[in-house]
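One structure is given below, encoded as structure tokens.
The values are calculated or read from the model by the stated rules, or taken from the named source; none is laboratory data. Here the structure is a predicted model, which means the values were calculated and not measured. Every residue, glycine as well, gets a Cβ built from its backbone with ideal geometry; the counts of neighbours run over all protein chains shown. Calculation scope for accessible area: heavy atoms of the full protein, side chains included, ligands and nucleic acids excluded. Shrake-Rupley method; radii C 1.70, N 1.55, O 1.52, S 1.80 Å.
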Amino acid sequence: MRDFLQFLRETSYPGRGIAVGRDRVYYFIMGRSANSRNRVFVPTEDGIRTEAYDPTKLEDPSLIIYHPVRRVGDTLLVTNGDQTDTIRDYLLAGKSWEEALATREFEPDAPNYTPRISTLLAADGSFRMSILRREADGSCRRDFFAYPPCGAGEGRFLSTYQGDGDPLPSFQGEPMAIDLPEPEAVWAALDPENKISLYANVGGTVRIFNKNLGD
């Protein structure tokens, strides 16, 4: 099991990340460009969405404005892009999230081809995670993982990147087994230059941290 805070302190750019445990979910976003950094998380009726902090400076909204978190019945859905809505629509139609993600692939942001990461957390604490990555031949690899409820203070973590680089190296392997500290510690451990926002849901209590709002 990895020390999550140590990993965050040592990894300047994991990109967007989802950490899931029995009673909590964290989702954070980071950014290197001015367009990516011009964002905040705002609450919605069923979760959160990203918004431009300064709408006059918004350039291309296509990959940065979306609903990262939405509740579907008693399931919490967390993703790093607009596949949140695709999965939600399929679930409401009685279909599976595998069917939903079969219609999606990695982001079209060459040369990084950012992976799409997604999580479904059930009411009993069990959860599923998925990552859609670009293979060397240009095809999309879709990996799905299912986990029983974690032990107290334990969880799994999935991010878009393994660290900084040009192009950015995609996350590889199975979601990382980690310990899960409190939200304030996670926010403090994220790289101060690159972090943008953090969503924390602990036992149903939601907190939002936004760098642009002075958090």
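For segment 150-167, a residue qualifies if it is modelled with pLDDT of 95 or more and over 14 Å from MET1 (Cβ atoms), and the qualifying residues are LEU158, SER159, THR160, TYR161. Those residues that are closer than 13 Å to ASN80 by Cβ and either aliphatic (A, V, I, L, M) or without any contact (Cβ under 8 Å) to a residue 60 or more places away in the chain (or both), I need them from segment 26-41; list them, please. Within segment 26-41, ILE29, MET30 meet the criteria. The residues listed here are VAL78, VAL72; of these, the one that is within 27 Å of ASN212 (Cβ to Cβ) and hydrophobic (A, V, I, L, M, F, W, C) is VAL78.
One residue alone among ASP74, ASP60, ASP137 is under 20 Å from ALA200 (Cβ atoms) and either more than 18 Å from the chain's Cα centre (by Cα) or buried (at least 18 other Cβ atoms within 10 Å of the Cβ) (or both), and that residue is ASP74. Residues in segment 1-57 that are open to solvent by 20 Å² or more (accessible area, probe 1.4 Å) and in contact with a helix residue (DSSP H, G or I) (Cβ under 6 Å, 6 or more places away or on another chain): LEU5, ARG9, TYR53. Within segment 176-215, restricting attention to residues that are out of contact with any Gly (no Cβ under 6 Å at 6 or more places or on another chain), touching a residue at least 60 places away in the same chain (Cβ under 8 Å) and part of a loop (DSSP other than H, G, I, E, B), the residue that is surrounded by the most Cβ atoms within 10 Å (Cβ to Cβ) is LEU190. Taken over segment 35-46, the criterion of being more than 15 Å from the chain's Cα centre (by Cα) and within 18 Å of SER12 (Cβ to Cβ) is satisfied by ARG37 alone. Cβ-Cβ contacts under 8 Å between residues 6 or more apart (or on different chains), taken from a first residue in segment 1-15 that is among the charged types (D, E, K, R) to a second residue that is open to solvent by less than 100 Å² (accessible area, probe 1.4 Å), are listed as ARG2/PHE157; ARG2/MET176; ARG2/ALA177; ARG2/ILE178; ARG2/ASP179; ASP3/ILE178; ASP3/ASP179; ARG9/ALA189.
Pairs please, first residue from segment 91-113 and touching a residue at least 24 places away in the same chain (Cβ under 8 Å) and surrounded by fewer than 18 Cβ atoms within 10 Å (Cβ to Cβ), second anywhere and assigned to a loop (DSSP other than H, G, I, E, B) and aliphatic (A, V, I, L, M), Cβ atoms under 8 Å, 6+ apart in sequence or on different chains. From residues that are touching a residue at least 24 places away in the same chain (Cβ under 8 Å) and surrounded by fewer than 18 Cβ atoms within 10 Å (Cβ to Cβ), the pairs are ASP109/LEU63.
ARG39 meets the conditions (1) under 24 Å from ASP143 (Cα atoms); (2) at pLDDT 95 or above; (3) in contact with a Gly (Cβ under 9 Å, 6 or more places away or on another chain) in every case but one. The failed one is (1). Within segment 114-134, the residues that satisfy the criterion of being over 15 Å from the mean Cα position of the chain (by Cα) and open to solvent by 20 Å² or more (accessible area, probe 1.4 Å) are ALA122, ALA123, ASP124, SER126, ARG134.
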